[in-house]
1. Here is a check on your reading of the model: is LYS44 more than 15 Å from the ligand (Cβ to nearest atom), assigned by TED's automatic domain parsing to the domain that holds SER107 and of a type in the set (Lys, Arg)?
2. Quick check: is even one residue across region 23-32 within 18 Å of the chain's Cα centre (by Cα), loosely packed, with under 15 Cβ neighbours inside 10 Å and at pLDDT 95 or above?
3. Among (1) crowded, with 20+ Cβ neighbours inside 10 Å; (2) in contact with a Ser or Thr (Cβ under 6 Å, 6 or more places away or on another chain), there is one condition CYS125 misses while meeting the rest; what is its number?
4. Report yes if SER56 is under 30 Å from VAL121 (Cα atoms), within 13 Å of the ligand (Cβ to nearest atom), surrounded by fewer than 22 Cβ atoms within 10 Å (Cβ to Cβ) and of a type outside the set (A, V, I, L, M, F, W, C), otherwise no.
5. Tell me which of these GLU71 doesn't satisfy, since it passes every other one: (1) exposed (fewer than 15 other Cβ atoms within 10 Å of the Cβ); (2) of a type in the set (D, E, K, R); (3) under 28 Å from PRO182 (Cα atoms).
6. Being within 12 Å of the ligand (Cβ to nearest atom) and outside any loop (DSSP other than H, G, I, E, B) is the filter here; which residues of region 167-196 pass it?
7. Kindly provide the set of residues from region 74-101 that are crowded, with 19+ Cβ neighbours inside 10 Å and small (Gly, Ala, Ser), ordered by number.
8. Quick one: would you say ASP237 is part of a helix (DSSP H, G or I), away from the ligand (no atom under 14 Å from the Cβ), at pLDDT 95 or above and surrounded by fewer than 14 Cβ atoms within 10 Å (Cβ to Cβ)?
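The values are calculated or read from the model by the stated rules, or taken from the named source; none is laboratory data. Predicted model only: the values in this text are computed from it and were never measured. Cβ placement follows ideal geometry from the backbone for every residue including glycine, while neighbour counts extend to all protein chains displayed.
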Amino acid sequence: MSIILTNSIEEVRQNIKAYKEGKYTIGLVPTMGALHAGHASLIKKAKEMCDKVVVSVFVNPIQFGPNEDYEKYPRTIDRDKKVCEEIGADIIFAPTPKEMYGDKKLSNDEITYVCPPYNLVDCLCGKSRIGHFDGVATVVLKLFNIVQPDFAFFGQKDAQQQFIIRQMVKDLNVNVEIVSCPIVRESDGLALSSRNSYLSKEDRENALSISKALNQIEKLYKSGITDTEILFDAGFDVLKDNVYLEYIEFRDYENFEKVKTAGKNTLVAIAAKAGKTRLIDNIIL
Ligand code: AMP
């Protein structure tokens with residue numbers, strides 16, 4: 001069967017209905033497209049675990065701030081289709097903003113938003129990206145309602161996003177299991193990101209300091225240092241001449257609370273700008 005590429009909610013619903021009638025399990029991989037090997041790893045995992053795989057490709061306008069890169073975000077649907085086809089996904093759902101949100105003004109004056117808990121939003125990426133996670137939670141819930149997946153696949157790379165989605169699923173009783181997939185990196189350590197295409201040669205060199213800082217923190221942790229202030233300073237030393245640091249945060253990966261003493265399951269998350277490009281990365285100790 002050849003892959004179905006559609007921008008129609010109705011067409012997705014019809015296919016999902018047939019899948020449900022056939023008792024197939026359904027996996028959803030939400031993406032913004034410009035697919036790379038990181039996305040491919042999620043789609044492969046979905047393929048392993050589910051009978052039918054839906055990949056959504058949607059650059060979601062309501063998760064971008066006014067000064068962010070919504071307009072210039074890479075859109076490569078023909079290539080994305082090839083990636084999905086090669087892995088054996090069944091449907092690519094690539095709606096237009098109008099298909100998702102109608103003609104309404106894209107604000108909570110006119111459309112319903114999902115508001116994740118303030119404690120999860122007012123930290124890390126949410127501090128600089130006001131409203132971002134409301135937009136993410138809203139679109140992901142819409143995708144869950146359209147596709148009704150048994151499993152949905154998210155990357156550890158967007159750790160805060162994944163934590164917020166898990167909380168939403170719990171709080172709103174969504175019947176889906178969230179599966180976390182590890183970060184895929186270039187051979188030199190740079191975490192794959194659709195935004196890496198913005199990087200000049202020099203930016204890319206500088207961006208490498210992010211994964212190097214994480215490695216340095218991990219190395220010190222493994223040598224017995226658990227004080228997060230010391231670990232922060234070690235990371236900062238690696239980053240300071242290369243990127244504009246937004247945060248290095250140490251959080252418990254189970255409950256997302258700040259930790260002072262690093263231990264097993266501590267998430268170390270970094271956001272920084274290389275040139276004008278904002279990048280995120282993390283490790284779990
Ligand atoms: P995006 O298209 O950036 O919204 O990402 C879609 C999904 O792919 C999210 O769940 C991301 O966490 C995941 N993802 C992005 N980059 C990577 C990566 N390098 N490795 C693994 N998963 C990733």
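1. The answer is no for LYS44.
2. No: zero hits.
3. All conditions are met except number (2).
4. no
5. The single condition GLU71 does not satisfy is (3).
6. ILE178, VAL179, SER180, CYS181, ARG185, ALA191, SER194, ARG195, ASN196 - these are the residues of region 167-196 that are within 12 Å of the ligand (Cβ to nearest atom) and outside any loop (DSSP other than H, G, I, E, B).
7. Across region 74-101, the qualifying residues are ALA89, ALA94.
8. Yes: the conditions hold for ASP237.
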